[in-house]
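One structure is given below, encoded as structure tokens.
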Amino acid sequence: MNSLLNKLVPKEPKFFPVLKEMANVIMVTSDLMIELSQHSDHESAIQFYKKIKEQEKKGDGLLSQVFEDLNSTFITPFDREDINELANGLDDVIDYMNSCAKRIVLYNPKQLPESAMVLAKLIKEAAVSINNAIDELDVLKNHSKMIKQYCNELHAIENKADDVYEEFIITLFKTEKDSIELIKLKEVMSELEKATDAAERVAKILKTIIVKYA
Amino acid sequence: MNSLLNKLVPKEPKFFPVLKEMANVIMVTSDLMIELSQHSDHESAIQFYKKIKEQEKKGDGLLSQVFEDLNSTFITPFDREDINELANGLDDVIDYMNSCAKRIVLYNPKQLPESAMVLAKLIKEAAVSINNAIDELDVLKNHSKMIKQYCNELHAIENKADDVYEEFIITLFKTEKDSIELIKLKEVMSELEKATDAAERVAKILKTIIVKYA
Amino acid sequence: MNSLLNKLVPKEPKFFPVLKEMANVIMVTSDLMIELSQHSDHESAIQFYKKIKEQEKKGDGLLSQVFEDLNSTFITPFDREDINELANGLDDVIDYMNSCAKRIVLYNPKQLPESAMVLAKLIKEAAVSINNAIDELDVLKNHSKMIKQYCNELHAIENKADDVYEEFIITLFKTEKDSIELIKLKEVMSELEKATDAAERVAKILKTIIVKYA
């Protein structure tokens, strides 16, 4: 088995730095998301959104770079399509955080619930697991077990996020009588929950890569 | 053509029992969904949701098992990724039913429309077609025509579900004046409709597998 | 590199006409969508929806034809799955327009915002880029640069559509006090925005095809 793995060890490991940078953008964005969730005034929200938007553009740039690199490289560490899908999956996590931040600014809800911060912190946890998994991918030598471990973490985080979102929704429908305010908060929170879903999808893509190559 | 098919006949058919079990979970869940749609008191709803949640966890377990099996098996009946995608597709059908049941419990709408039961029954029909198609997959010997037939059934069911959902939405917007109640019912019903979409996606995955191997 | 490309030049180019026809259906539907966005009376809306629905059915028929052709063809210009995914991606663009038109008819909002027309015109622009890209795909001889160019156009159009939708949402939440009317307009517009997302996804599929074969 090891000889097969050795064949797959990247001769030209140019993709790992870009994927690592994307994982890092997720980390930075999740930190900004935590801060945004703790500031309720519209001015601060706008400022944090601008910073998150910058990260989102950085993510887009990295995604394009992956594509350019795939296009100009003859040999790749593993299937081109897998790199493509992984990069898209990482980008999705960033996009949902950006989308949440955008909605906070666009809708301008009266007050964010405390569970927004709880979800933002779970996304940060997911960001750590993703960074760890991508780090292991680089060496891809008998470390598939560790990657699987990080994938399981992402699954557990997603479950926790589900519970938080669930609790939030029950309370929202019980207490919020202003239906437009209810729509605003529901959508803002839903994007955060989708970010944890997207992080779990990254786990699924990583697992598929392991299935193929490990 | 037959010689090619023979090569693809599974030497180690360990995946079919798990996929069949997943198809069976869809069947059991759709039966619970029909019952849930006929009970309007919150206590019964909670009880049926608990049972559906159990099935959803069973589905998750089977999905993990598919992944573990893929990881430990050298030869597979067909591409590992296809099995992966099919298992994920089956899991999605279960997830949307679970998500609908969850929302009924979380939102606690005053009354479910009769079309909830109609949709639940269509999901049951889809579950039967899926079970039939997965059964045929096992033998994969000149039976691609029958699988295609079941896929067409799933397409037709999805179209019917669209019509039911459409009719429901027109009536809802015409008659429901409580906007929060309207949001609740729209989302509950939308998850049911997505379950039929997911069943049709299973048909698409099956068709892709046929395209490759039959 | 060229010798590799030559090998991939279709011996049996039966798929291109069908893909081109799908691209053409997108064009025709986007024209109908522009007209629908300019007519506010319910009767006209119903008439345009019927025409769009016809196109959507035509698209479904073409998608089935692609599947049938894939099933009966031994040699294909490139991977069967790629053709499958591209055809599904094209169908999605049509589906979202159809879904928007359906909602206009089902929800019957008091008045469509002007931004509906702006988005419809952006979808038309996307339709032109898609048609151009599919035309280039046919020859697939050193023209990957032009396809990439059209993909970049689709990305830019999606960004513009995002801005238009964003602006619309801010205004909607500021000015619309009838929450049911707000839900209607938000969903109608959201489907239009998703159509531009779907067009960008077509760009991503095309890019993946280039990565593999160019």
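Distances between copies of A:Ile46, taken at a point 7 Å out from Cα along the Cα→Cβ vector and listed shortest first: 4.6, 4.6 nm.
For the residues of C:43-51, the average number of beta carbons from a partner chain within 10 Å of their own beta carbon is 0. For peptide B:104-114, the mean count of partner chain Cβ atoms within 10 Å of a residue's Cβ comes to 2.
Chain C residue nearest the rotation axis toward A, with distance: C:Ser179, 2 (Cβ to axis, whole Å).
Considering the convex hull of the alpha carbon atoms of the protein assembly as shown, report its projected area averaged over all viewing directions, in nm², one decimal.
Values: hull surface 103.3 nm².
In nm², the orientation-averaged hull projection of the protein assembly as shown is 25.8.
Sorted from shortest to longest, the distances between the C:Lys57 label points of this copy and the other copies are 4.7, 4.7 nm, with each point 7 Å from Cα along the line through the beta carbon.
Solvent-accessible surface of protein heavy atoms, probed at 1.4 angstrom with all chains present, puts B:Met117, B:Met146 in the order B:Met146, B:Met117, largest first.
Calculate for the protein assembly as shown the 222 nm mean residue ellipticity that helices alone would give, adding -39,500 (n - 2.57) per DSSP H run of length 4 or more and normalising by residue count, nearest 500 deg cm²/dmol. Walk me through the numbers before you get to the answer.
On the way: 21 runs with 549 residues, N = 642.
Roughly -30500 deg cm²/dmol at 222 nm, from the helical runs in the protein assembly as shown.
If you run the Gaussian network model on chain B, springs between alpha carbon atoms under 10 Å, then out of B:Asp162, B:Asp135, B:Asp178 the most flexible one is B:Asp178. Between copies, the label points at B:Gln149 (set 7 angstrom from Cα along Cα-to-Cβ) are spaced 5.2, 5.2 nm, reported in nanometres from shortest to longest.
Taken over region B:2-213, the convex hull of the Cα atoms encloses 97 Å³ per residue.
Just checking the listed ones, C:Tyr96, C:Tyr107, C:Tyr165: in the Gaussian network model of chain C with Cα springs under 10 Å, the one fluctuating most is C:Tyr107. Per the Debye calculation on region A:69-191 with a single equal scatterer at every Cα and no solvent contribution, log₁₀ I(q)/I(0) for q = 0.10 Å⁻¹ amounts to -0.44. Legend: helices of chain A (whole DSSP H runs) are marked when their alpha-carbon atoms reach 20 angstrom or more along the helix axis and their mean Kyte-Doolittle hydropathy is at least -0.5; marked are A:15-38, A:80-107, A:114-139, A:144-175, A:179-213. Simple rule: put +1 on each Lys or Arg Cβ and -1 on each Asp or Glu Cβ in chain C, find the dipole, and look at C:Val202, C:Gln111, C:Leu122; the Cα lying farthest toward the positive end is C:Val202.
Could you pull out the pairs from A:Lys212/B:Lys184; B:Lys145/C:Lys194; A:Lys204/B:Lys53; A:Lys186/C:Lys110 whose alpha carbons sit more than 31 Å apart here?
Over 31 Å Cα-Cα: A:Lys212/B:Lys184; B:Lys145/C:Lys194.
What's the magnitude of the charge dipole for region A:167-214 around its Cα centre, counting Lys and Arg as +1 and Asp and Glu as -1 at the beta-carbon? Answer in Debye, nearest 20.
Working: 9 positive and 9 negative charges, 77 e Å.
Using only the charged Cβ atoms, the result is roughly 360 debye.
The values are calculated or read from the model by the stated rules, or taken from the named source; none is laboratory data. Given the structure is predicted, the values throughout are model-derived calculations rather than measurements. Positions of Cβ are generated from backbone atoms using ideal geometry, with glycine treated the same way; all protein chains shown enter the neighbour counts. Each accessible area value is taken on the protein alone, full model and side chains, heavy atoms only, with ligands, DNA and RNA left out. Shrake-Rupley method; radii C 1.70, N 1.55, O 1.52, S 1.80 Å.
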